[in-house]
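Note sheet for the following structure.
The values are calculated or read from the model by the stated rules, or taken from the named source; none is laboratory data. Please read all numbers here as calculations on a predicted model, not as lab measurements. Neighbour counts are summed over all protein chains in view; Cβ atoms, including those assigned to glycine, are modelled from backbone coordinates with ideal geometry. Heads up: the accessible areas ignore ligands, DNA and RNA and are worked out on the full protein's heavy atoms, side chains in. Shrake-Rupley method; radii C 1.70, N 1.55, O 1.52, S 1.80 Å.
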Amino acid sequence: MKKRNIIIDCDPGIDDIVALCFAVANEDKLNLLGITTVAGNQTIENVTNNALGLMSFLNKDIRIARGAKGPLLREKKPASNIHGSNGAGDYQLPHTKELYSNNAVMFMRDTIMSSEEKTTLVPVGPLTNIALLIKTFPEVAEKIELISIMGGSTDVGNVTPAAEFNIWADPEAARIVFDSKLPIVMSGLNVTHSTGLFRKDVDDLMKSSGKVTRMCGEMLNFYFRGDHVKKGTFTPIHDACAIMFLIHPELYKYRHMPVTVDCSEELSRGNTLCDTREWIDYGDMYPKVLTEVDMEKFREILLNNLYKLDELYK
Ligand code: BDR
Ligand code: CA
């Protein structure tokens with residue numbers, strides 16, 4: 001598999017942190033050109049601190065650029081109930097790394113345009129930065145390989161019955177991205193609700209003698225308090241799904257279909273209306289929407305990679 005250039009656009013966020021760890025564990029397949037942050041699960045200050053904190057914890061030099069402070073049109077509403085008041089489940093990460101840039105959109109543009117190979121964007125937070133990038137620098141389009149999005153759903157939402165958090169947090173930005181005609185893969189709740197870890201896995205992580213797995217375990221223990229877990233036995237690690245697709249696409253089934261983001265003021269605001277009518281063949285001009293995942297292999301690969309990091313970052 002050819003090494004893929006990626007930029008992860010995130011709002012860490014507990015599952016974002018696990019996804020970042022997973023990406024770092026796969027540096028033989030992913031060339032992590034940078035991390036950009038966006039207000040979502042917490043304020044831009046907190047999520048940027050968490051990205052810097054994770055790289056400090058790993059003592060890893062990945063360029064980090066701070067992005068949008070809030071959605072295009074609305075006030076920002078954090079998800080403290082799920083990710084805690086600092087966004088990392090109250091875990092205290094160290095702080096030794098400095099911000100590379102305070103302009104995520106410029107950073108993405110410069111990085112994409114100066115790379116010889118095309119770049120894959122992996123947005124796992126609200127789509128504010130990506131929308132601004134596409135609108136401000138449309139020339140990036142031809143150098144974007146793929147946008148692997150964690151967001152949306154073909155069926156049920158989480159923050160409302162109709163909407164998934166990342167899309168609901170900035171529907172206008174999501175509309176711009178989904179309407180852009182760029183190649184998109186959507187990891188929505190319909191699959192991410194099956195991509196995660198069991199309570200027992202998190203207990204094992206917490207007991208681990210490895211520093212990375214123990215940190216993930218402690219954060220995920222906090223995450224387990226949220227009402228998004230299934231009867232306390234299983235928690236989705238939503239954001240890792242968008243990374244996993246890049247490394248192990250064979251775990252998934254998908255269909256191309258139009259995805260329309262609801263920007264109305266109604267109860268359906270933030271819904272991703274996916275045209276799942278099976279009798280229509282849309283070809284590949286519409287987003288690739290993941291529809292099924294091999295849940296057991298996902299869990300096994302994710303766990304193995306987290307434990308692998310303990311060896312690399314002692
Ligand atoms: C998404 O919302 C956030 O809380 C998570 O980090 C994930 O990106 C799931 O709906
Ligand atoms: Ca996220």
Å³ per residue of the Cα convex hull, for the chain? 120 Å³
The chain, relative contact order [Cα under 8 Å, separation at least 6], %: 19 percent
So which of LYS253/LYS297; LYS143/LYS181; LYS29/LYS60; LYS3/LYS97; LYS143/LYS253; LYS77/LYS181 end up more than 21 Å apart by C-alpha? LYS3/LYS97; LYS143/LYS253; LYS77/LYS181
Size-normalised alpha-carbon gyration radius of the stretch 1-140, reference 2.2 N^0.38 Å: 0.99
Inter-part gap, Cα centre of the stretch 1-38 to Cα centre of the stretch 99-166, in whole angstrom, is 13 Å
If you stretched the chain out fully between MET1 and GLU142, how much longer would it get, using 0.36 nm times the residue separation minus the C-alpha to C-alpha distance? 48.6 nm
Report, in whole Å, the centroid distance computed from the Cα atoms of the stretch 243-314 and the stretch 191-209. 19 Å
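If I stretch the segment between ASP110 and GLU45 completely, what's the gain in nm (0.36 nm per residue apart, minus their alpha carbon distance), one decimal?
Working: separation 65, 0.36 × 65 = 23.40 nm, distance 2.29 nm.
Contour length minus the Cα-Cα distance gives 21.1 nm.
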Can you pull the one-decimal nm distance between simple spin-label points at PHE198 and ASP281, each 7 Å off the Cα toward Cβ? 4.1 nm
Name the aspartates and glutamates eligible as straight-distance cross-link partners of LYS288: C-alpha to C-alpha under 16 Å, and not fewer than 8 places from it in the same chain. GLU145, ASP155, ASP179, GLU250, ASP275, GLU278
Counting only heavy atoms of protein chains, what accessible area per residue, in Å², does the chain have with a probe of 1.4 Å? 42 Å²
